[in-house]
Amino acid sequence: MARGLTFADHDRGLDGNRYVYAVLSRRARGLSIGVNLNPDKVCNFDCPYCQVDRTVPGGPSAIDVGVLTGELSALLDRARAGTLWRDPPFDTTPDAQRRVSDVACAGDGEPTTPPEFPAAARAARRVIDESGLRVPLRLLTNATMFDRPRVREALACFDELWCKLDAGTEAYFHLVDGTRLPFRRILANLLAVARERPIVIQAMFLAMEGAGPAEDEITAWVDRLREIAIGGGRIERVQVYTVARRPADARVAPLPDARLEEIAARARAAGMAVEVYGAAAEGAGPVR
């Protein structure tokens, strides 16, 4: 059976491409063209909610920027010509979502970690600009590498930075993001970049073995948002969402929509613009 595009399907496969894929994204409000800079499936986080199946080996770690450029150019050419929606799997796209919403560096790991990230970012920027399509280039990131000069300079290629902040305390950060990296490093990186330009915060909230984050954890998370703002950082908006696709860790389940709304209300009370994407509605998920 031919594959169809749905919000719940974030398959990386497309026309045999190595790097460029396409998914329906509710957070992007249409078709999101993904650039997977981690085909080796290596990530410096090991989030229990991640849907990437790392029991299946990935591909080579080196990024061929020329191949990436060709794949992205070909897909955007089809979008510009209007022929994109004629062929599978795009012919299954609902009419309301038949628009290219963005090009997003995201995929099977943290996209800023490969050495080729700056060259890939510049190539994607150039391809979009030459296509004539008015679509933003977005980076979905855990912000761990923002203190590296090569990464910091490459951020200028992106129209929007969607930055992960799933926790308010060190202990919960290690639990839900599966890392031993210091939480203070993430917070410092977010603040430093948010002082230079607005960022979008993407916050995944989930139930682990039936229990969601405690109220004290939500209070701490809101405090971290406030600290960024008080420190001179600009948060354009906050995305509060939960699990919608099958995660790698069976202990993980979505939070109820009502709980997500309660969390969002806490952030709004702190002066944040907040969007909520629940599991009951298609399209929420750990990547897009």
If R₀ is 25 angstrom, what is the calculated FRET efficiency for the pair R78 and R122, using the beta carbon separation as r and rounding to 0.05? 0.65
Hydrodynamic radius of segment 219-280 per Kirkwood, over alpha carbon pairs, in Å: 12.7 Å
State to the nearest 20 debye the size of the charge dipole of the chain about its Cα centre, where the only charges are +1 on K and R beta carbons and -1 on D and E beta carbons. 560 debye
May I ask what percent, to the nearest 5, of DSSP beta bridges between residues of the chain are antiparallel? 30 percent
Report, to the nearest 10°, how far helix 183-194 tilts away from the longest principal axis of the Cα atoms in the chain, using its own Cα long axis and a range of 0 to 90°. 60 degrees
Between A156 and E130, what FRET efficiency comes out of the Förster formula 1/(1 + (r/R0)^6) with R0 = 25 Å and r the beta carbon distance, rounded to 0.05? 0.90
Approximate shape of the chain as ellipsoid semi-axes (Cα gyration tensor, √5λ), whole Å, largest first: 29, 22, 18
How much length would be gained if the chain were fully extended between E215 and L181, taking 0.36 nm per residue of separation minus their Cα-Cα distance, in nm to one decimal? 9.8 nm
Summing Lys, Arg as +1 and Asp, Glu as -1, what charge do residues with Cβ under 15 Å from the Cβ of D95 carry, D95 excluded? +3
Roughly how tilted is helix 117-131, in degrees to the nearest 10 and between 0 and 90, from the longest Cα axis of the chain? 60 degrees
Taking the 0 to 90 degree range and rounding to the nearest ten, how far is the long axis of helix 215-230 tilted relative to the main principal axis of the chain, both from C-alpha atoms? 70 degrees
Just to confirm my numbers, what's the Cα centroid distance between segment 174-199 and segment 254-276 in Å? 20 Å
Here the FRET efficiency for D257 versus R226, based on Cβ atoms and R0 = 25 Å and rounded to 0.05, is 0.50
Using per-residue counts of other Cβ atoms within 10 Å, averaged over each peptide, order 21-29, 182-190, 207-215 from highest down. 21-29, 182-190, 207-215
Counting only helical runs of four or more DSSP H residues, what would the 222 nm mean residue ellipticity of the chain come to if each run contributes -39,500 (n - 2.57) and the total is spread over all its residues? -9500 deg cm²/dmol
Full-stretch length increase - D53, R237 - with 0.36 nm per residue and alpha-carbon distance subtracted: 63.2 nm
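No value in this document is a laboratory result; all are computed from the given coordinates. Since this is a predicted model, take the numbers as computed values, not measurements. When we count neighbours, we look across all protein chains shown, and the Cβ atoms used for this are built from the backbone with ideal geometry, even at glycine.
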